[in-house]
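The values are calculated or read from the model by the stated rules, or taken from the named source; none is laboratory data. Since the structure is predicted, the reported quantities are computational estimates derived from the model, not experimental observations. Ideal geometry is used to build each Cβ from the backbone, glycine not excepted, and the neighbour counts take in all protein chains shown.
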There are 2 protein chains.
Amino acid sequence: MTKSSMSRRRFLQSSGAAAIWLPTTVKGYTANEIQSLYVDGQMQEDVSKWELDTPCLCVDLDLLEANIVKMESTVSRNGIASRPHAKTHKTPVIAQMQLDNGSVGICTAKVSEAEAMYKNGINEILMTTTNVTPTKIKRAMNLRQANPRFIQATDSPQNARLLSEAAIAMGFVADIVVDIDSGGHRTGISPGGAALELAQLIDQLPGLNLRGILCYDGGSQHVVGFAERKKQTLERLSAATETYDLFNQSGLSTEIFSGGGTGTYNIDHETRGLTDVQVGSYVFMDAQYIDIGGETNNDVYSDFAASLTILTTVLNDQYEGRVTTDAGAKACTINRPWARVKGAMGMSYTSGSDEFGTLRYEENASHSYKVGDKLELIVSHCDPVVNLYSQMYAIRDDRVEAVWQIAARGMSA
Amino acid sequence: MTKSSMSRRRFLQSSGAAAIWLPTTVKGYTANEIQSLYVDGQMQEDVSKWELDTPCLCVDLDLLEANIVKMESTVSRNGIASRPHAKTHKTPVIAQMQLDNGSVGICTAKVSEAEAMYKNGINEILMTTTNVTPTKIKRAMNLRQANPRFIQATDSPQNARLLSEAAIAMGFVADIVVDIDSGGHRTGISPGGAALELAQLIDQLPGLNLRGILCYDGGSQHVVGFAERKKQTLERLSAATETYDLFNQSGLSTEIFSGGGTGTYNIDHETRGLTDVQVGSYVFMDAQYIDIGGETNNDVYSDFAASLTILTTVLNDQYEGRVTTDAGAKACTINRPWARVKGAMGMSYTSGSDEFGTLRYEENASHSYKVGDKLELIVSHCDPVVNLYSQMYAIRDDRVEAVWQIAARGMSA
């Protein structure tokens, strides 16, 4: 795809302006049929996106690749790195693309996610959640035994002692980062003295090797307006920077100081000491992020393109002003803002029903749809949407190029 | 379990009163470990529910069985039948329990769900959604070829003609019900003349065999207050009864007149002609249904017990007035009302974060929790919650009795 056509497409899906070609389905491939056509990494038949059975999850490869390149060029220009969060895509192929393009590693939220990534060839993994139960600690240490590149988080002295005991029992030293609360009080230890004491304990424990700091400021990622977002996250991360200074003054490792996300990826380098951003959604984008506004466009966050879409089919067109589709809450989630019809104007989509989506026309609707028509939705919130599907179709120029397994789907444990 | 202890438990989880025993985990079994312990339908080891790795989905067998018995005894006393909707549980074992207890069949919302049910031994299937694309029609007709008990819905003359052509091409006559709109304008054809004409067409088409009417009044199921709910649904279904009369006057089959749900199961027999209720949620119950009130208790809908729970573990207890758990939106959905802690009072649970749940204490909190403690959540809205998990654990007296595959999980196509 040429640069100009990509810019145009990005404009279309960001702004919702202008019309695109929307064919009625003529053939149709089920998930099993597509899977059987994908052999040794190659599609054995030429399949149009519009012939996929629905609802299904599609990712536009040109847009996905451009998003990854854009992220890498920005963070490297800013002197930091990316350590993308795999909780967003749960897909080893995408993790590998991120690593191949310069990411220093990936993050996972759950140990089962980390296991799925490792099983599929990904080694550079930082698990951002503290494992607190004997089961979870055992799983994490088994993973560390198999994969010495695995890094774990902790947020309390009691937990650090348990991790050290487990590592000693298994005969190795486990790499650890301290998870610091950014103010949301969700996970992490308080910055300052408490975090310093925990780091000193880790440094002394024979089974642990301190690698640095983790401080994810989730609360700032969706602040609307670039200036407001910047102000808030820099303030909230200042305590982490003070802790970073305390670590340095005490001779403790600050090799890793990981934080930030898609909403603050071009702000986080201003947090002194920060080494890498745990960006997730930038690969796919979604309606939630589009609405926060960007540095150059305060209305639309257009730094990254919406590569992830749900394909859905119209099931009923018998009632005035609306049609019913086959993508409801089980295909779209009920996150807000609702999913948006790509390339269309003057209509709203809702997925409040479990099984059915509802598209309502406004006065200036750019299209109308008939039974059997397919349309494409820009997703509401990419992470939980991906978690609903077992595979996604990788599309280039509206053709299926690959079938990717979402290997960590449902891996919430 | 004795009847009195079941009543007490039902009271506890409906009202949220009084304390139950909540041990801190001592061992812990991962999903794979539990699966490997379940051989030939028997657990090979005695495993406590509290030792399951979290988050995970549990169903209390005593409560589930009592719910199924209660539904069957009520509808049969009222002279109708149940045709439970498998979109709720997506689990063949539960479908079989429903059939074994007297249900005349099950419903599915999607053809992929119907395929998964049939593949797992369930024959009596009515698919409630019209298949509109060539792919979906082909799949439905393949299923009909394998399973002559499969019944399909249609809601337009064009679609009926396509179905008839497909059936003729495959050499059989397909059983069909007319889906009638109950006023929500989501699916179905308008009642009255339009529905009658469609039924007459079906009756004439050589590939189709008319079996009756489908009219699901989803909009009434969650109306708060029994009297209001009764009034609304009887009004809304009156047009379907008029259509039923038209069918009868024209000599068309009304062998099936299926409608209703968990919120109206003890009202729907008053809709003249109705043969069976498409009840789904009653097997599990959830916070959404508990809040609608029942016939005998206007505050709590206690006709059925909350058998389905999510087990979750406390990950962080360092901050005043709250703890963080491992069950967020990807484990609980973000449906409202939020999930509730079973057996506890004076606390609220939210799962707005993708990966983490937040439990906040109120002044009169009946418990407090430490890191590693497990708690059980009554789910918010059972259907989309079940759709997040690959298996559920069947529990009796707090012991794992079986591991059930949620065979139709993610089957939205």
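What residue, among those in the stretch A:342-367 that are small (Gly, Ala, Ser) and touching an Asp or Glu at 6+ places or on another chain (Cβ under 8 Å), is surrounded by the fewest Cβ atoms within 10 Å (Cβ to Cβ)?
Going through the stretch A:342-367, the residues small (Gly, Ala, Ser) turn out to be A:343-344, A:346, A:348, A:351-353, A:357, A:365-366.
Next, from what is left, pick out any that are touching an Asp or Glu at 6+ places or on another chain (Cβ under 8 Å): A:343, A:346, A:348, A:357.
Numbers: A:Gly343: 20, A:Gly346: 14, A:Ser348: 16, A:Gly357: 30.
Only one residue tops the list, namely A:Gly346.
For the stretch B:150-161, give me each residue that is in a loop (DSSP other than H, G, I, E, B) and either in contact (Cβ under 8 Å) with a residue 40 or more places away in the chain or not assigned by TED's automatic domain parsing to the domain that holds B:Gln200 (or both). Break it down into steps so the answer makes sense when it comes.
Taking the stretch B:150-161 first, the residues in a loop (DSSP other than H, G, I, E, B) are B:150, B:155-156.
B:Asp155, B:Ser156 - these are the residues of the stretch B:150-161 that are in a loop (DSSP other than H, G, I, E, B) and either in contact (Cβ under 8 Å) with a residue 40 or more places away in the chain or not assigned by TED's automatic domain parsing to the domain that holds B:Gln200 (or both).
Which residue is farthest from the other protein chains (Cβ to nearest Cβ), if the candidates are limited to the stretch B:120-136 and must be surrounded by fewer than 22 Cβ atoms within 10 Å (Cβ to Cβ) and not charged (D, E, K, R)?
Top of the filtered list is B:Asn123.
Does A:Ala327 fit the bill of being in a loop (DSSP other than H, G, I, E, B), buried (at least 24 other Cβ atoms within 10 Å of the Cβ) and touching a residue at least 40 places away in the same chain (Cβ under 8 Å)?
For A:Ala327, the condition - in a loop (DSSP other than H, G, I, E, B), buried (at least 24 other Cβ atoms within 10 Å of the Cβ) and touching a residue at least 40 places away in the same chain (Cβ under 8 Å) - is met.
Being in contact with a helix residue (DSSP H, G or I) (Cβ under 8 Å, 6 or more places away or on another chain) and over 21 Å from A:Leu198 (Cβ atoms) is the filter; apply it to the stretch A:143-161 and report the residue that is farthest from the other protein chains (Cβ to nearest Cβ).
A:Asn147
Is one or more of the residues making up the stretch A:72-95 closer than 30 Å to B:Ala413 by Cα, surrounded by fewer than 24 Cβ atoms within 10 Å (Cβ to Cβ) and within 14 Å of chain B (Cβ to nearest Cβ)?
Within the stretch A:72-95 (the criterion being closer than 30 Å to B:Ala413 by Cα, surrounded by fewer than 24 Cβ atoms within 10 Å (Cβ to Cβ) and within 14 Å of chain B (Cβ to nearest Cβ)), the answer is no, since none of the residues qualifies.
If A:Val47 satisfies all but one of (1) buried (at least 20 other Cβ atoms within 10 Å of the Cβ); (2) on the phi < 0 side of the Ramachandran plot; (3) within 15 Å of the chain's Cα centre (by Cα), what's the number of the condition it fails?
Among (1) buried (at least 20 other Cβ atoms within 10 Å of the Cβ); (2) on the phi < 0 side of the Ramachandran plot; (3) within 15 Å of the chain's Cα centre (by Cα), A:Val47 violates only (3).
Taking the stretch B:161-190 on its own, how many of its residues are of a type outside the set (Ser, Thr, Tyr) and over 25 Å from A:Ser353 (Cα atoms)? Don't jump to the end; show me each part of the working.
Here is the first cut: in the stretch B:161-190, the residues of a type outside the set (Ser, Thr, Tyr) are B:161-163, B:165-181, B:183-186, B:188-189.
From what is left, the residues that are over 25 Å from A:Ser353 (Cα atoms) are B:161-163, B:165-175.
Within the stretch B:161-190, residues that are of a type outside the set (Ser, Thr, Tyr) and over 25 Å from A:Ser353 (Cα atoms) number 14.
Residue by residue through the stretch B:52-71, note down the ones that are surrounded by 24 or more Cβ atoms within 10 Å (Cβ to Cβ) and farther than 25 Å from B:Leu311 by Cα.
Scanning the stretch B:52-71 gives a single hit, B:Met71.
Scan the stretch A:16-42 for residues that are at pLDDT 50 or above and small (Gly, Ala, Ser) and jot them down.
Answer for the stretch A:16-42, where residues must be at pLDDT 50 or above and small (Gly, Ala, Ser): A:Gly28, A:Ala31, A:Ser36, A:Gly41.
Based on what the data block shows, is B:Met117 surrounded by 24 or more Cβ atoms within 10 Å (Cβ to Cβ) and either more than 12 Å from chain A (Cβ to nearest Cβ) or touching a Lys or Arg at 6+ places or on another chain (Cβ under 9 Å) (or both)?
Yes; evaluated as a whole, the condition is true for this residue.
Mind checking which residues of the stretch B:361-384 are within 29 Å of B:Ser112 (Cβ to Cβ) and either in a strand (DSSP E or B) or of a type in the set (D, E, K, R) (or both)?
B:Leu377, B:Ile378, B:Asp383
Confirm whether B:Val283 is β-branched (Val, Ile, Thr) and over 22 Å from B:Arg83 (Cβ atoms).
Spelling it out, it is not the case that B:Val283 is β-branched (Val, Ile, Thr) and over 22 Å from B:Arg83 (Cβ atoms).
When the residues of the stretch A:330-341 are narrowed to those that are of a type outside the set (D, E, K, R) and at the interface with chain B (Cβ under 9 Å from one of its Cβ atoms), which ends up surrounded by the most Cβ atoms within 10 Å (Cβ to Cβ)?
This residue is A:Ala331.
Of all residues being touching a residue at least 60 places away in the same chain (Cβ under 8 Å) and in contact with a Lys or Arg (Cβ under 6 Å, 6 or more places away or on another chain) in the stretch B:171-229, which is surrounded by the fewest Cβ atoms within 10 Å (Cβ to Cβ)? Just the residue, please.
Looking at the filtered set, the residue picked out is B:Val223.
Might you check whether a residue that is at pLDDT 95 or above, under 23 Å from the mean Cα position of the chain (by Cα), buried (at least 24 other Cβ atoms within 10 Å of the Cβ) and closer than 30 Å to B:Gly183 by Cβ occurs anywhere in the stretch A:281-302?
No, the conditions are met nowhere in the stretch A:281-302.
Residues that are more than 15 Å from A:Trp404 (Cβ to Cβ) and modelled with pLDDT of 95 or more: find the helices (runs of 4 or more DSSP H) completely inside the stretch A:43-120 holding 3 or more of those.
Hits in the stretch A:43-120: A:61-77, A:111-119.
When the residues of the stretch A:275-329 are filtered to those that are over 30 Å from B:Ala109 (Cα atoms) and among the charged types (D, E, K, R), which remaining residue is nearest to the other protein chains (Cβ to nearest Cβ)?
A:Asp291
Can you find a residue that is of a type in the set (Gly, Ala, Ser), part of a strand (DSSP E or B) and within 23 Å of the chain's Cα centre (by Cα) anywhere in the stretch B:385-401?
Yes - at least one qualifying residue is present in the stretch B:385-401.
Quick check, is B:Leu143 in contact with a Cys (Cβ under 9 Å, 6 or more places away or on another chain) and either in the same structural domain as B:Thr275 (by TED's automatic domain parsing) or not charged (D, E, K, R) (or both)?
no
Does at least one position in the stretch B:392-400 carry a residue that is modelled with pLDDT of 95 or more and in contact with a Gly (Cβ under 9 Å, 6 or more places away or on another chain)? Before you say what the answer is, go through the steps one by one.
Residues of the stretch B:392-400 that are modelled with pLDDT of 95 or more, as a first pass: B:392-400.
Filter once more, so that each one left must be in contact with a Gly (Cβ under 9 Å, 6 or more places away or on another chain): none.
No, the stretch B:392-400 contains no residue that is modelled with pLDDT of 95 or more and in contact with a Gly (Cβ under 9 Å, 6 or more places away or on another chain).
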